[in-house]
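**Q** Before I ask anything, here is the structure I am working with.
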Amino acid sequence: MSINRFIVTGSSSGIGKAICEALIAKKIRVIGISRNEARHYFDPTYYESHLIDLADTKNLPTRLTSVIEKYGQFNGLISCAGVGNFGSIENFSLMQIEESLRINLLSHIVLTRYLVPLLKKQNGGNLIYIGSEAALDGGKQGSLYSAAKFGLRGFTQSIRAEVSHKNIRVVLINPGMVRTPFFDKLHFEPGSNVQNTIPVDDIAKVVINVLEMSPNTSIDEVVINPIIKSVTKKKINNFN
């Protein structure tokens with residue numbers, strides 16, 4: 001495939017922003033989806049921004065159909081959007097639980113549902129998802145986040161089995177702690193030492209490495225962690 005165009009969600013900050021920068025450096029066009037304006041970060045020759053709230057799953061199909069019809073062809077999806085919700089389960093309202101699962105799990109599923117038919121028609125493409133180490137081991141006060149990430153892991157395994165015969169590669173990347181705005185409203189953050197976090201550019205490098213491999217090669221799952229794990233508590237009581 002020589003289309004050189006990807007949808008990237010969560011493109012306005014953190015891991016998604018770093019992946020967009022890496023793709024654009026390779027002169028790959030990016031269709032960025034985020035809740036916040038991101039076009040001023042990137043070269044407009046290779047980046048187009050679409051403001052879409054992935055938590056609004058009621059209107060998401062219409063918005064996605066519009067994007068897909070506008071561009072017609074894609075090399076695939078790099079699905080990065082996510083939000084951190086941590087705390088004792090009894091402290092979350094039903095609305096908070098639903099919103100967390102919509103962003104961290106359901107949005108990935110809906111994006112895939114609307115892009116897979118196009119990739120099958122093209123007989124090729126890539127579906128790359130940013131998961132989390134929380135998909136491997138449920139931790140204290142991480143029930144909502146781990147539930148979504150465990151679900152995403154199972155989803156990618158099933159989708160891989162469904163689409164591989166159409167030359168569609170499905171990759172799940174599970175990072176440990178990366179110092180990004182993800183932690184801004186949480187009651188904890190990575191330790192202050194540089195060894196306590198994964199450089200955000202390292203996640204982007206993994207994505208580029210996957211894309212530069214032979215289309216007949218698939219890395220099903222990647223787990224990345226800082227060399228020394230350390231967590232620091234913050235004086236914040238907002239788990240939203």
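**Q** Using 0.36 nm per residue of separation minus the Cα-Cα distance, give me the extension gain between residue 95 and residue 56 in nm, one decimal.
**A** Separation in residues times 0.36 nm, less the Cα-Cα distance, equals 12.8 nm.
**Q** Run the helix sum for the chain: -39,500 (n - 2.57) per DSSP H stretch of 4+ residues, divided by residue count, reported at 222 nm to the nearest 500 deg cm²/dmol.
**A** Taking each H run of at least 4 residues, the total per residue is -11000 deg cm²/dmol.
**Q** If you line up the long axis of helix 60-71 against the longest principal axis of the chain, both from Cα atoms, how many degrees apart are they, to the nearest 10?
**A** Long axis of 60-71 versus the principal axis of the chain: about 40 degrees.
**Q** Also, I was wondering about something else. Shape of segment 5-233 from its Cα gyration tensor (a ≥ b ≥ c, root eigenvalues): rounded if a/c is under 1.5, otherwise prolate when a/b > b/c, or oblate?
**A** Cα axes put segment 5-233 in the rounded bin.
**Q** Something else: Apply the Karplus parameterisation 6.51 cos²θ - 1.76 cosθ + 1.60, with θ equal to phi minus 60°, to every residue of segment 205-210 and state each ³J(HN,Hα) to the nearest whole Hz, in sequence, with x for glycine and proline.
**A** Couplings: 5, 4, 4, 4, 4, 4 Hz.
**Q** Using alpha-carbon positions, what is the distance between the centroids of segment 212-236 and segment 16-39, in Å?
**A** 20
**Q** What order do you get for 5-13, 23-31, 58-66 when each peptide is scored by the mean count of other beta carbon atoms within 10 Å, highest first?
**A** Those peptides, ordered most packed to least, come out 5-13, 23-31, 58-66.
**Q** If you average 1/r over every pair of different alpha-carbon atoms in segment 8-113 and take one over that average, what Kirkwood value in Å do you get?
**A** Here the Kirkwood hydrodynamic radius works out to 14.5 Å.
**Q** Can I ask one more? How much of the DSSP bridge set in segment 5-233 is antiparallel, in percent, rounded to the nearest 5?
**A** Bridges in segment 5-233 that DSSP calls antiparallel: roughly 10 percent.
Here, each number is a calculation from the coordinates, and none is a lab measurement. As the structure is a prediction and not an experimental result, all values here were calculated from the model. Methodologically, a virtual Cβ is constructed for each residue, glycine included, from the backbone with ideal geometry; neighbour enumeration extends over all protein chains shown.
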